[in-house]
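What follows is a single structure, written as structure tokens, with notes after it.
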Amino acid sequence: MRLQILICGVGGQGVLFLTRVLGESALLMNVPFISSETHGMAVRGGSVISHIKIGNFNSPIIRSGQADILFALSESEIASYGHYLKNKGSVFINSTKINNQSHCDATGLALKAGSTKASNLSLLGYALSRDSFPFSYSSIKDAVRKTTPKDDLSVNLRALELGHAFTCGNHNLPPKIIQSGSVTSSHL
Amino acid sequence: MNKNRKNSKERLLLGNEAIARGLIENGCSAAASYPGTPASEILTSLVRFKNEDQENIYVEWSINEKSAFEIALSNSYLGKRSAAIMKHVGLNVASDPLISASYSGIEGGFIIVSADDPGPHSSQSEQDSRLLAMLAKIPVFDPSSPKEAKEMIGEAFKLSERYKIPVMLRPTTRVCHARQIVSCEKYHTIRIKPHFIKDPKRWVSLPEFRKVLHKEMNQKLVAISKIKRHLIKHRKGNYSPSKYAIFSSGVAYAHTYDTVTELGLWNLVDLYQIRVSFPLDFARIDNLLDSYRKVIVIEETYPVIEMQIGNRKKVEGRWNGLLPGEGEITPDIIYSSLKKFMGHTTKRKPLLLAEKAKKPTLCPGCSHRASLFAIKGALPKALYPSDIGCYTLGVNTGAIDTALCMGASINQAAGFSHSFDQQKSKRPSIVATIGDSTFFHAGIPSLTNAVYNQARFILVILDNFSSAMTGNQPTAETGLLPDLSRGQPVDLKKIVKACGVRHLKEIDPYHLPAFISLLKDADKYCRQKKGGIAVIIARRPCLRDKKIKKKYKHHLITITDKCTGCGYCIKYFGCPALSMNRKKSQVAVDENLCVGCGVCKYVCSEGAIVAQ
């Protein structure tokens, strides 16, 4: 497996938490994992991005147009980081406007689960329901259990489940192919 | 839980955690640090690992890097392994002991972890610590990943002990904040009784002894440069002999490896990883240069390896412009530079879009925002020297004119004060701002100096009981130690008084009108015949700091129809909870972000923001 994932959002949305969940999941599945995160100044409400590379990689940074998957925890960040996505890459956007299968109202689902803070996991759950996503649901669940503090566990798992169910129930649109560098308003 | 963790070999670790693991697994017995991105999490992780396995290691948050360096160094003088941990600009603060310590040498293995920040992402410069290592004449390891950083710690301790020399580990942001699966070993506890070997010729830095030590140091460097594994041929091209070689170090090496693979250049180039950037084996480098047409050097941040290579005709890199001379070296940059070098032309240009990152801001309810707004409101035409910390993010308030380096605010205020007084010109008010942690770090000598030399200005100490920007590490004022046990608190007020300040007030920055009148009084004091420096301590714990209980009345904020949509509050107060509702042309409050501090009610001149 060789997979490059970019997660973008703003400080406080759980970009780093999501990175750890995917990392722990890679550890459980025994595949090499390297990521690069934003810390420090930038996390005070600024853009936070995380590059994730699974498989045989040395560099922790994704080149433009090379990401297989892009997670946007905040819709506004797509404009800045959409260029990382490759031809035919998959994009998952936290958005209230559902225009195509890239969108999921992750914040709404997380609120239902008990906290808007868990929107990152709702979006991940949604991505997991797509065929294109190479992690198994159970490995992700185990990783969430390992990574979450006790008090937040039930909310986090619920948010993940709601995201996972979101597609299966409401959305059976055919997968839409997204062109590299062309993640524009049509996807928002 | 602990047991499981101890037995599990593979762990997902942040680079800084891997460095902490490396220290603890190699028997480091004392570590001291001052927080600074990207190095902050190393000491925090040490505390965590220490608690997991009840390891006996002394850790401290020092008040500055010079203290950290000397604390750790002393432990090494007594024969025990030690580490001083800081960011690159912190190394400047510790450079005085660093350069002297390399002459004296050490007893127990001594590692300086100095984390560079190419970019820069969270720093005032992108200086290269390896140049300071060269200046100090100490070897410097240049790790390319968390895994390698951990491995290099063991190597560095051994090298340090064998040659009795301090050794630097120089990770960069992309190593510190990379996450990787790293194999963890059992802790290797080394129990050494502290023992000081009296030897004034080494430990006392009198000039007569130093020339001898300098000679020894030079001999050590020659011997260290000959160590073969410090420069590794990591991958040989498919055809022999290859025309070109790439010398690379740090995370740039990792980027280069992947990029050469991606571009299919293995039939043209041999790739060398320079694991120790100083000292280099010049004879070996010269031999290598002879066997290639060209050598490309790919490194961060300054061309330290490149400038050490004598044969300028054969070398290309950051210095001669093949790669940009500044900023982070990303895989995108390496990709386009290598293509340029190889003379490849393709139809499709590589995408090199600039990232329009959203800027960081002060948090909702941050007391610094209130303080800065009060300062701007009370003395709108003042000069505002400021300092390094979260509050620098409040530059939108207009109450920050300078931020040079740690502790500079007070000296700059004094310098401005003297400069105006000298010309007998009408002087503006001068209001300096400095955080509590920064004040302890470098502010105390500056304030003493300013009082002594009769400067006149207002100093507002933004006291939030925390090194907030770097992750809420405890400060001397709280007396909390790295493991959050109780130490000895240091009284900030008493220090200010002891510096000779005669006008000292305290205020809760949430009480904006009272704060403004205090500032006006302070300005009058500064301008009196017998006036001097007025200090106001603006006290309120950082809202992000989970260690401290916060007390304040939670207000419900509403925007009335008096709002004209002028946007003043958004631009100059800049609370993330306030935004413009474009449909209504009025300001709206985001209830998810608002913490109910109620300070914004003072901001609107129309009185449209109501706090209940």
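Bear in mind these aren't lab numbers, they're just calculated from the coordinates by the rules spelled out. Worth saying up front: this structure is predicted, and the values here are computed from it rather than measured. Cβ placement follows ideal geometry from the backbone for every residue including glycine, while neighbour counts extend to all protein chains displayed.
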Between the modelled labels at B:Lys426 and A:Ile98 (7 Å from Cα along Cα→Cβ) the distance in nm is 6.6
Which whole number gives the average count of other chain Cβ atoms within 10 Å of the Cβ atoms across peptide B:176-184? 6
With springs only between Cα atoms under 10 Å apart, run a GNM on chain A and tell me which of A:Ser129, A:Ser95, A:Ser138 wobbles the most. A:Ser138
Counting only pairs 8 or more places apart or on different chains, how many lysine pairs in the range B:242-372 have C-alpha atoms closer than 17 Å? 13
Given 0.36 nm per residue, what is the gain on full extension from B:His214 to B:Ser125 after removing their alpha carbon distance, in nm? 29.0 nm
Compute the length gained on full extension between B:Gln488 and B:Asn56: take 0.36 nm times their separation in residues and subtract their Cα-Cα distance, giving the result in nm to one decimal. 153.4 nm
Pairs of lysines 8 or more apart, or on different chains, with alpha carbons under 21 Å: count those in the range B:367-539, would you? 29
Choose one of B:Gly531, B:Val496, B:Gly407: the residue whose Cα lies farthest towards the positive end of the charge dipole of the range B:367-539 (beta-carbon charges +1 Lys, Arg; -1 Asp, Glu; about the Cα centre). B:Gly531
Hey, quick one: spin label on B:Arg502, modelled 7 Å out along Cα-Cβ, who in the range B:524-546 has an amide N within reach, i.e. under 14 Å? B:525-535
Take B:Arg293, project a point 7 Å from its Cα along the Cβ direction, then tell me which residues of the range B:242-271 have their backbone nitrogen under 20 Å from it. B:242-248, B:260-261, B:263-271
Identify all aspartates and glutamates with a Cα-Cα distance to A:Lys86 below 19 Å; exclude those on the same chain that are fewer than 8 residues away in sequence. A:Asp68, A:Glu75, A:Glu77, A:Asp131, B:Asp258, B:Glu262, B:Asp332, B:Glu355
Shielding score for A:71-83, defined as the mean number of other chain Cβ atoms within 10 Å: 2
Residue-averaged [θ]222 nm for the protein assembly as shown, counting only DSSP H segments that reach four residues, each worth -39500 (n - 2.57): -10500 deg cm²/dmol
Just rank A:Asp105, B:Asp508, fewest to most, by other beta-carbon atoms within 10 angstrom. B:Asp508, A:Asp105
Candidate lysines - alpha carbon under 16 Å from A:Lys88, same-chain residues fewer than 8 apart omitted: A:Lys176
Pull up all non-local amide H partners of B:Leu322: gap of 5 or more, or a different chain, and H-to-H distance under 5 Å with H placed in the peptide plane. B:Gly317
Just counting partner chain Cβ atoms within 10 Å, what average do the residues of peptide A:52-62 show around their Cβ? 6
Name the aspartates and glutamates eligible as straight-distance cross-link partners of B:Lys233: C-alpha to C-alpha under 13 Å, and not fewer than 8 places from it in the same chain. B:Asp270
Report, in order of residue number, the helices in chain A meeting two criteria: a C-alpha extent of 18 Å or more along the helix axis, and a mean Kyte-Doolittle hydropathy of at least 1.6; treat each whole DSSP H run as one helix. none
Which of rounded, prolate, oblate describes chain A, given a ≥ b ≥ c as roots of the alpha-carbon gyration tensor eigenvalues and a/c under 1.5 marking rounded, otherwise prolate only if a/b is larger than b/c? rounded
Shape call, the protein assembly as shown: gyration tensor on alpha carbons, a/c limit 1.5: oblate
Relative contact order, percent, of the range B:218-310 when contacts are C-alpha pairs under 8 Å separated by at least 6 residues? 40
Footprinting exposure proxy for B:Glu208, B:Glu216 (fewest neighbouring C-beta atoms within 10 Å first): B:Glu208, B:Glu216
Within the range B:105-203, how many lysine pairs that are 8 or more places apart, or on different chains, have C-alpha atoms less than 26 Å apart? 20
Expressed in nm to one decimal, what extension gain is obtained for the pair B:Lys547 and B:Lys233 from 0.36 nm per residue of sequence separation less their Cα-Cα distance? 108.1 nm
Largest-first principal axis extents of the Cα set of the range A:58-121 (Å): 38, 28, 17
How far apart, in nm, are the 7 Å Cα→Cβ label points at B:Arg162 and B:Tyr568? 7.0
Two decimals is fine: what's Rg over Rh for the range B:229-342, C-alpha atoms, Kirkwood radius as Rh? 0.91
For B:Leu543, enumerate residues with amide H under 5 Å from its amide H, sequence gap 5+ or separate chain, H modeled in the peptide plane. B:Ser367
How would you rank B:Met406, B:Met86, A:Met1, B:Met217, going from fewest to most other Cβ atoms within 10 Å of each one's own Cβ? A:Met1, B:Met217, B:Met406, B:Met86
Remind me, relative contact order of the range B:311-468 in percent, using alpha carbon pairs under 8 angstrom and six or more residues apart? 19
Relative contact order of chain B, defined on C-alpha pairs under 8 angstrom at six or more residues apart (%): 10
For the range B:557-611, rounded, prolate or oblate, judged on the Cα gyration tensor with a ≥ b ≥ c (square roots of eigenvalues), a/c < 1.5 rounded, else prolate if a/b > b/c? rounded
